[in-house]
Amino acid sequence: MSASSSPDPRRPSSRVRLAALVVVALAALLLLGAPAQAGSRDHRPPVFAGLKSATTCIPGPIGGGSTSSYHLAWDPAKDNVTPSAKIVYEIYQATKPGGEDFSTPTYTTAPGATSFDTPQLTTNNSFYFVVRARDRAGNEDSNAVEREGQNLCE
């Protein structure tokens, strides 16, 4: 047999070389694609001043099965890793002061929002709101700034 037709037992086959190249390429992608903070996970919540206003406009007499939406507004939060445009806001709603259940948000905004309009709420109740900022790592600020919904059309 000639040297060209007989495989060299000391040299890996093309299939083994290809598999090794794939493993090296995947490892490189994992290392290059890892976020800069991978070594030190983000544990810091965003810095957020909380809800600035919660307003509605209910003309005429209040009650009688009427509904209205509340417009909530705030300044954007800042974070050490997540850009402000990627921060989401969790909104907690209650019908009495301090009655928010912080284990489950009532509403969650799209990333980067600085305002939110609630669905239609009954005008028979008063509503209280707290807004908290959450970064992409899941860290949520713990501000307790509560605003009562204000009717600007009374």
From SER69, SER40, SER103, SER115, grab the single residue that is out of contact with any Lys or Arg (no Cβ under 9 Å at 6 or more places or on another chain), at pLDDT below 95 and hydroxyl-bearing (Ser, Thr, Tyr). SER40
If we ask which residues in region 113-124 are out of contact with any Gly (no Cβ under 9 Å at 6 or more places or on another chain) and loosely packed, with under 14 Cβ neighbours inside 10 Å, their number turns out to be 4
Among the residues of region 127-143, how many are assigned to a loop (DSSP other than H, G, I, E, B) and either out of contact with any Lys or Arg (no Cβ under 8 Å at 6 or more places or on another chain) or loosely packed, with under 13 Cβ neighbours inside 10 Å (or both)? 3
Taking region 77-114 and keeping only residues that are part of a strand (DSSP E or B), under 14 Å from the mean Cα position of the chain (by Cα) and not acidic (Asp, Glu), one is left with LYS78, VAL88, TYR89, ILE91, TYR107, THR108
When the residues of region 115-126 are filtered to those that are in a loop (DSSP other than H, G, I, E, B) and β-branched (Val, Ile, Thr), which remaining residue is nearest to SER53 (Cα to Cα)? THR118
Which pairs do you get when a residue that is over 19 Å from THR55 (Cα atoms) and surrounded by 10 or more Cβ atoms within 10 Å (Cβ to Cβ), found in region 93-108, comes within reach of a residue that is modelled with pLDDT of 95 or more and acidic (Asp, Glu), reach meaning Cβ atoms under 8 angstrom, with the pair 6+ apart or on two chains? PRO105/GLU90
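The values are calculated or read from the model by the stated rules, or taken from the named source; none is laboratory data. All values reported here derive from a predicted model rather than from experimental measurement. All Cβ positions, even for glycine, are placed from backbone atoms using ideal geometry, and neighbour counts span all protein chains on display.
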